[in-house]
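S.K.: Right, I'll just put the structure down here and ask away after.
The values are calculated or read from the model by the stated rules, or taken from the named source; none is laboratory data. Keep in mind it's a predicted model, so treat the numbers as computed, not measured. Please note: Cβ atoms are built from the backbone with ideal geometry, for glycine as well, and neighbour counts cover all protein chains shown.
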Amino acid sequence: MIPVVMPTYSRIDVVFERGEGCFLYDTTGRRFLDFTSGIAVNALGHAHPYLVEKLTEQAHKLWHTSNLFRVAGQEKLAGRLKELTFADTMFFTNSGVEAWECGVKLVRKYHYETGHPEKTRFIVAGGNFHGRTMTAIAASGQDKMVKGFGPLLDSFDRVAYDDVEAVKAAVTPQTAAILVEPILGEGGIRPASLGYLKALRAIADEHGLLLFFDEIQCGVGRTGKLFAYEWAGVTPDVMCIAKGIGGGFPLGACLATEKAAQGMVAGTHGSTFGGNPLAMAVGNAVLDVVLQPGFLDNVIAKGALLEGKLDDLVKRHPSVLDSVRGKGLILGLKCVVPAGDLVTALRDNGMLVVSAADNVIRILPPLIVGEAEINEAVAILDRTCAALAA
Ligand SMILES: Cc1ncc(COP(=O)(O)O)c(C=O)c1O
């Protein structure tokens, strides 16, 4: 008999009951060190007192009014993100893929409005992942995601990741945008070189294309800057964010410049729930914390500490681990053994991580992680790798 919850995931047989900071507790009372953070979602860990306070405060006042009306929390969060980024305007969503899809529509509309309706195609790179709608699976193109779901939107031209020449060669009169993750997430935690991101800006400018970054996984402080593109010193025209900005509450946003968003007038896009007062209370609260003096510096420091220790582990366990990559607190350990085996063994030893493509395990602790938790993680990894090597 089909399970009552549609079996689209191969779920792990653990049920969590509560969380606190970097730790989760299951229904049997077992404690786990959470270095998955709901796949880069719980940026401030579990049950962060300030987020709980702000969500509860809002819950007592107002949950939902509809986007028929102005929503004060949206204007506040958008105003703050405008000050902090390249963007002049943004649309709030309930998930990452909706934010991404808003960006796809916005790109098409921009070219339509500016007299180039033929520009409809997107250059995408590497093992890109943007979610599970029909458009997003078409953009990823991976067999396991698309098989049986066709016909798909034929609008995506895939090239190798971090390869400037490949992008140049892929530009055609139909190209509308270059769309990349500054750090590949599901694709195996691969940071693009900063020169690559700069070159993409130049190619986009030369050909009248929009530059579209997906920072759903790598944004909101994870790399130690508020957004990963800041490291490269270039700005996109469009960017989608989600995950961390909600700290565990469903929230995403599509950010754009005024020029890029010129076609997104009344009636062109919408969402019943997107940007509702509860989500906005949490999004604003996450920003309050992430923008506190020293917060992002601490992400950089903790990231460097963790990366150094992971490097040592790679040297100590060469038959299990191959290399470390990533930036800040979005790190990947490329494995020699099957990554899935290491994920399972770590979980058995009380630590949660998630795998990615290219035989990588992702290390995504909450951004509030402390030295004690890093030391505990490294000790569990050390023990687990030694057992796997034996
Ligand atoms: C880079 C990237 N884009 C988009 C998405 C899709 O986000 P959501 O699952 O919230 O729709 C994800 C989710 O993992 C992601 O990592």
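S.K.: Tell me whether region 105-127 contains one or more residues that are without any contact (Cβ under 8 Å) to a residue 24 or more places away in the chain and surrounded by fewer than 17 Cβ atoms within 10 Å (Cβ to Cβ). Give the steps one after another, and end with the answer.
M.R.: In the first step, residues of region 105-127 are kept if they are without any contact (Cβ under 8 Å) to a residue 24 or more places away in the chain; the result is 115, 117.
Checking the rest, the ones that are also surrounded by fewer than 17 Cβ atoms within 10 Å (Cβ to Cβ) come to 115, 117.
Yes.
S.K.: Okay, moving on. Here are some residues: 34, 26. Which one is surrounded by fewer than 22 Cβ atoms within 10 Å (Cβ to Cβ) and away from the ligand (no atom under 16 Å from the Cβ)?
M.R.: It is 26.
S.K.: Can you find even one residue in region 323-332 that is in contact with a helix residue (DSSP H, G or I) (Cβ under 7 Å, 6 or more places away or on another chain), among the hydroxyl-bearing types (Ser, Thr, Tyr) and closer than 26 Å to residue 101 by Cα?
M.R.: For region 323-332, residues in contact with a helix residue (DSSP H, G or I) (Cβ under 7 Å, 6 or more places away or on another chain), among the hydroxyl-bearing types (Ser, Thr, Tyr) and closer than 26 Å to residue 101 by Cα: absent.
S.K.: Can you spot a residue in region 166-188 that is more than 16 Å from the ligand (Cβ to nearest atom) and modelled with pLDDT under 95?
M.R.: No, the conditions are met nowhere in region 166-188.
S.K.: Another question, if that's okay. Output the strands (runs of 3 or more DSSP E) that fall wholly within region 291-378 and possess 3 or more residues being in contact (Cβ under 8 Å) with a residue 12 or more places away in the chain and either over 21 Å from the mean Cα position of the chain (by Cα) or closer than 26 Å to residue 26 by Cβ (or both), or say none.
M.R.: In region 291-378, 330-335, 354-356, 360-363 are the strands (runs of 3 or more DSSP E) which contain 3 or more residues that are in contact (Cβ under 8 Å) with a residue 12 or more places away in the chain and either over 21 Å from the mean Cα position of the chain (by Cα) or closer than 26 Å to residue 26 by Cβ (or both).
S.K.: Let me ask something else about it. Strands (runs of 3 or more DSSP E) wholly in region 1-41 with at least 1 residues that are in contact (Cβ under 8 Å) with a residue 60 or more places away in the chain and not charged (D, E, K, R) - which ones? First the steps, then the outcome.
M.R.: Values: elements: 16-20, 23-26, 31-34.
Here the list reads 23-26, 31-34.
S.K.: Going residue by residue through region 54-72, is there one that turns out to be in the same structural domain as residue 247 (by TED's automatic domain parsing), surrounded by 20 or more Cβ atoms within 10 Å (Cβ to Cβ) and part of a loop (DSSP other than H, G, I, E, B)?
M.R.: Looking through region 54-72, at least one residue is in the same structural domain as residue 247 (by TED's automatic domain parsing), surrounded by 20 or more Cβ atoms within 10 Å (Cβ to Cβ) and part of a loop (DSSP other than H, G, I, E, B).
S.K.: With the structure loaded, tell me whether residue 287 is in contact (Cβ under 8 Å) with a residue 60 or more places away in the chain and crowded, with 21+ Cβ neighbours inside 10 Å or whether it fails that test.
M.R.: Working: in contact (Cβ under 8 Å) with a residue 60 or more places away in the chain: yes; crowded, with 21+ Cβ neighbours inside 10 Å: no.
In short, no.
S.K.: Could you look through region 171-186, keep only residues that are in a loop (DSSP other than H, G, I, E, B) and in contact with a Phe, Trp or Tyr (Cβ under 6 Å, 6 or more places away or on another chain), and pick out the one that is surrounded by the most Cβ atoms within 10 Å (Cβ to Cβ)? Write out each step before concluding.
M.R.: First pass over region 171-186, keeping only residues in a loop (DSSP other than H, G, I, E, B): 171-174, 181-182, 185-186.
From what's left, in contact with a Phe, Trp or Tyr (Cβ under 6 Å, 6 or more places away or on another chain): 182, 186.
Details: 182: 27, 186: 21.
Among those that are in a loop (DSSP other than H, G, I, E, B) and in contact with a Phe, Trp or Tyr (Cβ under 6 Å, 6 or more places away or on another chain), it is 182.
S.K.: Would you call residue 147 under 23 Å from residue 253 (Cα atoms), free of Cβ contacts under 8 Å to residues at least 24 places away in the same chain and among the charged types (D, E, K, R)?
M.R.: no
S.K.: Can you find even one residue in region 251-272 that is surrounded by 18 or more Cβ atoms within 10 Å (Cβ to Cβ), part of a loop (DSSP other than H, G, I, E, B), within 16 Å of the ligand (Cβ to nearest atom) and of a type outside the set (S, T, N, Q)?
M.R.: yes
S.K.: Could I ask something else about it? Among (1) under 21 Å from residue 107 (Cβ atoms); (2) of a type outside the set (S, T, N, Q); (3) touching a helix residue (DSSP H, G or I) at 6+ places or on another chain (Cβ under 6 Å); (4) not in a helix (DSSP H, G or I), where does residue 199 come up short?
M.R.: So the condition that residue 199 fails would be (4).
S.K.: Got a sec? Which of 34, 26 is touching a Leu at 6+ places or on another chain (Cβ under 9 Å) and charged (D, E, K, R)?
M.R.: After ruling out the rest, the residue left standing is 34.
S.K.: What's the number of the only condition in (1) away from the ligand (no atom under 16 Å from the Cβ); (2) more than 22 Å from residue 357 (Cα to Cα) that residue 147 fails to meet?
M.R.: With respect to (1) away from the ligand (no atom under 16 Å from the Cβ); (2) more than 22 Å from residue 357 (Cα to Cα), residue 147 is out only on (2).
S.K.: Modelled with pLDDT of 95 or more, over 22 Å from residue 281 (Cα atoms), assigned by TED's automatic domain parsing to the domain that holds residue 78 and buried (at least 24 other Cβ atoms within 10 Å of the Cβ): does that describe residue 203?
M.R.: No: the conditions fail for residue 203.
S.K.: I'm trying to understand the selection: among the residues of region 92-144, which are basic (Lys, Arg) and either more than 19 Å from residue 270 (Cβ to Cβ) or within 10 Å of the ligand (Cβ to nearest atom) (or both)?
M.R.: Pass one, region 92-144, residues basic (Lys, Arg): 105, 108-109, 119, 121, 132, 144.
Result: 119, 121, 132, 144.
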